[in-house]
Amino acid sequence: REVTAFAPATVANVSCGFDILGFAIDSLGDKVKVKLTEGSALKVVEIQGDEGKLPFESEKNTCSVAIQAMLDQMDLHVGMEISLYKGLPLGSGMGSSAASAAAALVAANEVLGKPFSKEDLVPFAMEAERIACGAAHADNVAPSILGGFVLIRGYDPLDVIKLPVPDGLHCTLLHPHLELKTSDSRSVLKQQISLKDATMQSGNIAGLIAGLYKSDFPLIGRSLKDVIAEPSRALLIPGFYELREAIKNVGALGSGISGSGPTIFILSSNESIATKAGEVSRKVFDEIGLGVDVY
Ligand code: HSE
């Protein structure tokens, strides 16, 4: 018995929601095939699309680590062969490791006759994030598994809440040809924030969530601000501030770092603005001489 599952790319943080907000992207993502076999070992047998960079060892690969966490919880010993087909670039800030873990879990859960709900799979995928970047954050894995916009209200205990997605909301992704490891872009973050910054950040998170519930696009735009991670991380992304300036005239709601970068996301209230924002941003990268993929 074998099952193949797809899991989408995700934008984590969404500017103000460091480690607590994320949303899924339509169509871009990874696929994982899981086949039940004799024995009790998880084997990664095939990886495509990673330019040979991802590990086959089952204790290092995010697919097998996530599935192992699930099997441990069930106290189940079965063999599985895992094939990973990467559609997402590594170290891009588009939730690449999360999509692999999410697809692996959905496929493995299906192969076993669905012992878990999708919500139950999130903590297993977080174990894969711990291996991939040293921090078991859920703001990529939760939206990759559940779809849509997701809030992680708390980690202990885990409290994951699905949020509404306003009709028309579009995301443009700019992936500059750079690789940034999440562990590195977490290491540049300051560990303390001021009361003033905490107040600003809380206001923006609340504003963003209110904007999603009310389909209030200007409010969503005003709330796309981040005084916690962006000031340190933007320095690692050439063109970040130039792009923000350049899209001011096309009517986009705002821009920010997708997860830990270097991908930049832009939110727009319709497809034509999203397309225009992509074109204008591409020019910014052309001018600084850095290759970019626009999605
Ligand atoms: N919330 C995580 C971070 C997302 O910003 O480090 C990583 O994609």
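The values are calculated or read from the model by the stated rules, or taken from the named source; none is laboratory data. Note that this is a predicted model, so its numbers are computed, not measured. For neighbour counting, all protein chains shown are included, and Cβ atoms are generated from backbone atoms with ideal geometry for every residue, glycine included.
In the stretch 87-144, the residue that is farthest from the ligand (Cβ to nearest atom) out of those that are crowded, with 24+ Cβ neighbours inside 10 Å and acidic (Asp, Glu) is 129. The single condition from (1) part of a loop (DSSP other than H, G, I, E, B); (2) in contact with a strand residue (DSSP E or B) (Cβ under 6 Å, 6 or more places away or on another chain) that residue 104 fails is (1). Only residues that are over 24 Å from residue 136 (Cβ atoms), touching a Ser or Thr at 6+ places or on another chain (Cβ under 9 Å) and small (Gly, Ala, Ser) were counted across the stretch 167-222, and they come to 7. Across the stretch 253-275, which residue is nearest to the ligand (Cβ to nearest atom) among those that are surrounded by 19 or more Cβ atoms within 10 Å (Cβ to Cβ) and without any contact (Cβ under 8 Å) to a residue 40 or more places away in the chain? Among residues in the stretch 253-275 that are surrounded by 19 or more Cβ atoms within 10 Å (Cβ to Cβ) and without any contact (Cβ under 8 Å) to a residue 40 or more places away in the chain, the one nearest to the ligand (Cβ to nearest atom) is 255.
For the residues 40, 64, 83, 15, the requirement of being of a type in the set (S, T, N, Q), in a loop (DSSP other than H, G, I, E, B), more than 16 Å from the ligand (Cβ to nearest atom) and touching a strand residue (DSSP E or B) at 6+ places or on another chain (Cβ under 7 Å) singles out 40.
When residue 180 is tested against (1) at pLDDT 95 or above; (2) among the hydrophobic types (A, V, I, L, M, F, W, C); (3) not in a helix (DSSP H, G or I), exactly one condition is not met: (1). Condition first: surrounded by fewer than 24 Cβ atoms within 10 Å (Cβ to Cβ) and of a type in the set (Asp, Glu). Now tell me which residues in the stretch 10-67 satisfy that. 19, 26, 38, 46, 50, 51, 57, 59, listed by residue number.
I'd like the full set of residues that are over 25 Å from residue 272 (Cβ atoms), away from the ligand (no atom under 16 Å from the Cβ) and touching a residue at least 24 places away in the same chain (Cβ under 8 Å), limited to the stretch 164-196. Let's see the steps before the verdict.
The initial filter retains those residues of the stretch 164-196 that are over 25 Å from residue 272 (Cβ atoms), namely 177-196.
When the remaining residues are screened for being away from the ligand (no atom under 16 Å from the Cβ), the result is 177, 192, 194-196.
Selection gives 177 alone.
For every residue, the table says whether it meets (1) surrounded by 13 or more Cβ atoms within 10 Å (Cβ to Cβ); (2) at pLDDT below 95; (3) assigned to a strand (DSSP E or B).
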site: 165; (1), (2), (3): yes, no, no
site: 168; (1), (2), (3): yes, no, no
site: 174; (1), (2), (3): yes, no, yes
site: 186; (1), (2), (3): yes, yes, no
site: 200; (1), (2), (3): yes, no, no
site: 206; (1), (2), (3): no, no, no
site: 220; (1), (2), (3): yes, no, no
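Note on the stretch 71-86: among residues that are among the aliphatic types (A, V, I, L, M) and surrounded by fewer than 23 Cβ atoms within 10 Å (Cβ to Cβ), the one that is nearest to residue 19 (Cα to Cα) is 71. Just one of the listed residues (107, 24, 98) is in contact with a Lys or Arg (Cβ under 7 Å, 6 or more places away or on another chain) and on the phi < 0 side of the Ramachandran plot, and it is 107.
Give me the residue from the stretch 226-248 that is in a loop (DSSP other than H, G, I, E, B) and touching a strand residue (DSSP E or B) at 6+ places or on another chain (Cβ under 8 Å) and, out of that set, nearest to the ligand (Cβ to nearest atom).
Initial filter on the stretch 226-248 (in a loop (DSSP other than H, G, I, E, B)): 226-229, 237-239.
Add one more test, that the residue is touching a strand residue (DSSP E or B) at 6+ places or on another chain (Cβ under 8 Å), and what stays is 226, 229, 237-239.
Working: 226: 10, 229: 6, 237: 13, 238: 19, 239: 19 Å.
Top of the filtered list is 229.
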